[in-house]
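The next block holds one structure in the form of structure tokens; read it before the comments.
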Amino acid sequence: MRFCSIASGSSGNCIYVGSDHAHVLVDAGISGKKIEAGLNTLDLCARDIDGILLTHEHSDHIKGLGVMARKYEIPIYATGGTVDAMSRISSLGKLPEGIFREIREDEPFQIKDLSINPFTIPHDAAQPVGYRLECAGHSVGIATDLGKYNEYIVDSLKDLDALLLEANHDIRMLQVGKYPYYLKQRILGDRGHLSNENAGRLLCRLLHDNLKAVFLGHLSKENNYEALAYETVCQEVTLGDNPYKSRDFLIQVAKRDHISEVITV
């Protein structure tokens with residue numbers, strides 16, 4: 001399996017996961033042009049993509065979806081709640097008939113040799129999910145846009161080879177920043193976004209000897225910066241109640257506007 005972030009941040013998200021036979025995107029929250037440029041970097045093109053898996057309907061996850069769907073008619077996999085919510089978003093434009101494949105939480109499905117398990121995440125969207133993708137005994141996970149984590153989420157992300165995990169904001173930056181009070185409360189709430197500290201604490205629950213790589217993703221442009229997210233998560237790992245140090249793992253920040261290193265598992 002190959003795994004990388006084409007773009008990750010509060011302004012747009014798109015992740016690639018592929019096997020020998022299948023190629024999928026998780027979210028399409030950047031322009032179609034940028035998605036195609038990212039795929040070209042991987043020696044792929046949009047026509048190689050077998051499906052787009054949506055986490056939820058917020059614009060930073062679906063911005064380029066209309067263009068990609070109309071131009072290439074790539075099947076779109078999403079929960080019923082997400083599909084229904086998108087039907088009311090006029091900026092998407094008209095999507096091709098029959099393009100949606102409805103999925104349900106905790107009901108794995110196949111795209112060629114990829115087995116995909118959607119799991120529920122707590123976020124203020126219609127019916128949001130994260131994803132665990134598996135092939136030939138290896139697995140990668142994507143967990144962004146979650147206000148909190150629980151045992152169910154920990155179980156959904158156990159024993160991965162690689163993970164993209166939200167480290168959205170620094171709590172102090174958010175609290176003293178320019179956002180209005182209601183928005184600060186939304187982000188800090190149980191259906192908002194993971195702070196750097198909570199990302200580190202969740203990561204501590206997921207560490208194991210064979211974890212190959214961790215991307216920290218979905219960073220806020222206004223309430224975080226790369227070095228702070230990285231240092232905070234690494235400190236939580238090193239000082240946490242686990243046998244590991246942060247240097248035991250490849251931990252890196254997924255860039256807002258650059259394709260990441262490609263992780264092969």
Mind listing whichever residues of the range 109-131 are in contact (Cβ under 8 Å) with a residue 40 or more places away in the chain and open to solvent by 30 Å² or more (accessible area, probe 1.4 Å)?
Lys112, Asp113, Asp124, Ala126, Gln127
Note on Gly93: of the conditions (1) touching a helix residue (DSSP H, G or I) at 6+ places or on another chain (Cβ under 8 Å); (2) at pLDDT 95 or above, unmet is (2)
Scan of the range 148-169 for residues that are open to solvent by 10 Å² or more (accessible area, probe 1.4 Å) and under 18 Å from Glu197 (Cα atoms), ordered by number
Lys148, Tyr149, Asn150, Glu151
What's the number of the only condition in (1) of a type outside the set (Asp, Glu); (2) free of Cβ contacts under 8 Å to residues at least 24 places away in the same chain; (3) surrounded by 18 or more Cβ atoms within 10 Å (Cβ to Cβ) that Cys45 fails to meet?
(3)
Contact list please: Cβ distance under 8 Å, first residue in the range 62-81 and farther than 18 Å from Arg47 by Cβ and open to solvent by less than 10 Å² (accessible area, probe 1.4 Å), second residue polar (S, T, N, Q) and modelled with pLDDT of 95 or more, pairs at least six apart or on different chains.
Thr79/Gln127
If I go through the range 1-32 residue by residue, how many of them are more than 12 Å from the chain's Cα centre (by Cα) and farther than 21 Å from Pro75 by Cβ?
1
Residue in the range 132-151 that is farthest from Val214 (Cα to Cα), counting only those that are in contact with a Ser or Thr (Cβ under 7 Å, 6 or more places away or on another chain) and without any contact (Cβ under 8 Å) to a residue 40 or more places away in the chain
Glu134
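The values are calculated or read from the model by the stated rules, or taken from the named source; none is laboratory data. Predicted model, so just to flag it, every value in this text is computed and none were measured. Neighbour counts run over all protein chains shown; Cβ positions are idealised from the backbone, glycine included. Note: accessible area is taken over every heavy atom of the protein model, side chains too, but ligands, DNA and RNA are not part of it. Shrake-Rupley method; radii C 1.70, N 1.55, O 1.52, S 1.80 Å.
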